[in-house]
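S.K.: Pasting a structure here, questions to come.
The values are calculated or read from the model by the stated rules, or taken from the named source; none is laboratory data. Here the structure is a predicted model, which is why all the values come from computation and not from measurement. Don't worry about glycine lacking a Cβ; one is built from the backbone with ideal geometry, like all the others, and counts go over all protein chains shown.
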């Protein structure tokens, strides 16, 4: 009789323990609330926020905005949009579109410099529709390049004027290349870009309107500028580097 | 009862029954004990990473060289002077391997390019964390309360700020954060000592409230205190979230104790402002380049203008007309240390400008504020509030002394241990998240927190956090010889008539001379070597446009001939560079000039940035050179062309390594360009 009671107690306490453990496990499980979709769209498009240049590990300046449309192409509210991407942290990661059919999220980039893909997807009748945005993260060297470019280069190389600065682009007889002009700059090796920046355009039989910067910028400054142009190149820059035979 | 004892003794007998067996058993136990350490090492985390690294590099083309540079075991960077014992490189094996820059899997990726060598600085100086640890959890998360976990990447510039106290080219976030510490009034309440012992000084100019009743009304002060950003979104004044009664009592105290300032309302033609001409006012505002320092919200709601002075969008709501006239007439009567220059405006000009600014009024602002006359108790309560809130830490206030050490010292805030921090529920338990949270919303940390609510963007909060995280105890412990010395701003002040004029015209608000002053306009330390006398006399009287693309320009101060000449002669005599020899002989034969012209247009393509003939040249970056020969001295042009950076640090003009001969030819050509100025009369 005594033994029966103790076995029953053990079984009962075990059951209690398992239930408790289960409950605890449930509480620790991720409870990120995915909202319930109220509508199902047909397509998702980017509204704004793509192709931003930010710093590694930091949030992008502008929010990411995507729009869900129905099959007639009109914006749809209440559709579920989820954001995900390798290395990026969207906040919030899932949400419903607002009354104008748009979903807005802020994105923090990972710690590694380079391009990040952010995919926004929404379920449709058949398969999930996706829109992919590319964001660029700059590390120290590229950020330094961006600052140097801002001081020494963009007045001529960027055709856009800002409120604080008038562009000199239109005044030049030979038009300089934009720093993101990958179709031209990707063909030039690092060594060639280095020579042009240090010794001026004539070093590579290019426009004499490009002055020599060897006396102004140090070698590491020039490397920073090149790293910056490479990181914002469009189409993206594929480093030639040294090729090794695969074993 | 006997059986267990019997079995026990039989086990004993089985193991240690005879000496040989006992020896064997002891040997096996000893061997097992000795195997514990190697087994533990074999299964340790770092060892696993090292094996993973070897697999990772195995298939790469340069695996042979990578493997040759790999050495197994624990690696350590030991720098006793910096207090660094970093074993991070035990797992982060590819930090110096250029070919591993494409590896996305940590811990094997190459370190991004930075100005320092890993071997000379280690890792934790910038990244935080526990350098001596050999597991990820201990090294990165460092969960014990006395330990610093690794710093989130977005605050990484805090590492630079431990040794570099002056602004660095590559750390915009740290520079912004430090500028905000001094500009947003943080250091009025919190004292911050740099590692070398110097005190961080405020760079803002909170107005004195001693004569505030001359300037504005109690109603405006009330509305302002309730919500400063509602009046001027760009103001650095924080919101104290005061109740209506508290705001009313403080305004009552300030107005009732205000003393009138002699000469403050004594403008002869005050009545002339009765019928201002708005168009003339706007053009005078533009000509005086008020927007170089003051911002105004445009129709689209964007702020346009500088941030040296206060925003003027609703200035008409704030100031009394007679005070504004007196202020524009001579701001130094009301505030002897204001950064605002003393424009020598004539009475009609004053009336026009004051009338135009008085028109910048938002009729809705403060329309519902009706304050009844305050009782003595209310005034006394206002005074009590002023001392409790610490208003006098920033503003000079009658009857309330400036409090000393009003808020905690922040000199080592970047090393504050977690055990000393009271975190809010749900908050990440780390120092950066605490500082960010406190800066963003001080009120959340309890009703007793006196720190007010600042209006900051997320980027500004992060910048401020970065600057605060740089204030570590490690930075104080580093030997002086290893620290980059802090270069303070000098206290340079010219004397005499010219010196007084320069104070009145607030030259130092924009120009830097001998290490003191702003950075809006060119450094004038060697200006005397640069320009010709007649040009400077004319320029000071009527500053014409040198750089067409520049938005912030030198205003016209309406100087008299005498004042202009006094300033010119002082600058030509005192602000001379020893490197420029005014007596150098410069060949100015026609063929040298012609050679200079060719060099200008072909070899050096100066027309890309400069204009000589506006019909042909279009360059928009550098100053117009049409009459440069009557503006600059030939010796200065020569030295400038040879090395612009040496003549004026931070200039945009590239140093093209121009030879002596080419520089002379170019200088001769440029000096020959006398333009219209040589004929004298200028509009």
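S.K.: Cβ-Cβ below 9 Å, separation at least six or inter-chain, first residue in the stretch B:403-427 and on the phi > 0 side of the Ramachandran plot, second assigned to a loop (DSSP other than H, G, I, E, B) and surrounded by 10 or more Cβ atoms within 10 Å (Cβ to Cβ): which pairs?
M.R.: Qualifying pairs under 9 Å: B:405/B:190; B:405/B:191.
S.K.: Quick one: residue A:92 ticks every box in (1) farther than 17 Å from residue B:459 by Cβ; (2) touching a residue at least 24 places away in the same chain (Cβ under 8 Å) bar one, so which box is it?
M.R.: Condition not satisfied by residue A:92: (2).
S.K.: Also, I was wondering about something else. Taking the stretch A:152-166 on its own, how many of its residues are surrounded by 13 or more Cβ atoms within 10 Å (Cβ to Cβ) and facing chain B (nearest Cβ under 8 Å)?
M.R.: Number of matching residues: 5.
S.K.: Another one. Please give the helices (runs of 4 or more DSSP H) falling wholly within the stretch B:318-422 in which 3 or more residues are touching a helix residue (DSSP H, G or I) at 6+ places or on another chain (Cβ under 9 Å) and farther than 22 Å from residue B:253 by Cβ.
M.R.: Helices (runs of 4 or more DSSP H) meeting the threshold: B:321-329, B:347-358.
S.K.: Out of B:646, B:614, B:635, report the one residue that is touching a residue at least 60 places away in the same chain (Cβ under 8 Å), within 13 Å of chain A (Cβ to nearest Cβ) and surrounded by fewer than 22 Cβ atoms within 10 Å (Cβ to Cβ).
M.R.: B:646
S.K.: Follow-up. Spot the failing condition for residue A:122; the list is (1) within 30 Å of residue A:179 (Cα to Cα); (2) part of a strand (DSSP E or B), and only one is missed.
M.R.: The failed condition is (1).
S.K.: From the residues in the stretch A:169-181 that are within 30 Å of the chain's Cα centre (by Cα) and assigned to a loop (DSSP other than H, G, I, E, B), which one is nearest to the other protein chains (Cβ to nearest Cβ)?
M.R.: A:176
S.K.: Could you tell me which numbered condition residue B:295 fails, if it satisfies all but one of (1) surrounded by 19 or more Cβ atoms within 10 Å (Cβ to Cβ); (2) modelled with pLDDT of 90 or more; (3) away from chain A (no Cβ under 14 Å)?
M.R.: Every condition holds for residue B:295 apart from (3).
S.K.: Considering the stretch B:110-142 alone, what residues qualify as being in a loop (DSSP other than H, G, I, E, B) and either out of contact with any helix residue (DSSP H, G or I) (no Cβ under 9 Å at 6 or more places or on another chain) or under 11 Å from residue B:92 (Cβ atoms) (or both)?
M.R.: If the condition is that a residue be in a loop (DSSP other than H, G, I, E, B) and either out of contact with any helix residue (DSSP H, G or I) (no Cβ under 9 Å at 6 or more places or on another chain) or under 11 Å from residue B:92 (Cβ atoms) (or both), then B:110, B:111, B:117, B:123, B:142 are the ones that fit.
S.K.: Follow-up question, since we're still on this one. For the condition within 14 Å of chain A (Cβ to nearest Cβ) and part of a loop (DSSP other than H, G, I, E, B), what is the one hit in B:104, B:67?
M.R.: It is B:104.
S.K.: While we're here: Suppose we keep only residues that are assigned to a loop (DSSP other than H, G, I, E, B) and touching a helix residue (DSSP H, G or I) at 6+ places or on another chain (Cβ under 9 Å) within the stretch B:432-457. Which one would you say is farthest from residue B:385 (Cα to Cα)?
M.R.: Restricting to residues being assigned to a loop (DSSP other than H, G, I, E, B) and touching a helix residue (DSSP H, G or I) at 6+ places or on another chain (Cβ under 9 Å), the top hit is B:456.
S.K.: Would you call residue B:225 outside any loop (DSSP other than H, G, I, E, B) and not assigned by TED's automatic domain parsing to the domain that holds residue B:317?
M.R.: No.
S.K.: Ok, one more. Give just the number: which of (1) surrounded by fewer than 18 Cβ atoms within 10 Å (Cβ to Cβ); (2) out of contact with any helix residue (DSSP H, G or I) (no Cβ under 7 Å at 6 or more places or on another chain); (3) modelled with pLDDT under 90 does residue A:218 not satisfy?
M.R.: Evaluating residue A:218 over (1) surrounded by fewer than 18 Cβ atoms within 10 Å (Cβ to Cβ); (2) out of contact with any helix residue (DSSP H, G or I) (no Cβ under 7 Å at 6 or more places or on another chain); (3) modelled with pLDDT under 90 leaves (3) as the failure.
S.K.: Applying the selection to the stretch B:70-97, what residues are in a helix (DSSP H, G or I) and loosely packed, with under 15 Cβ neighbours inside 10 Å?
M.R.: B:80, B:81
S.K.: Which condition from (1) in contact with a strand residue (DSSP E or B) (Cβ under 6 Å, 6 or more places away or on another chain); (2) within 13 Å of chain B (Cβ to nearest Cβ) is the one that residue A:198 breaks?
M.R.: All conditions are met except number (1).
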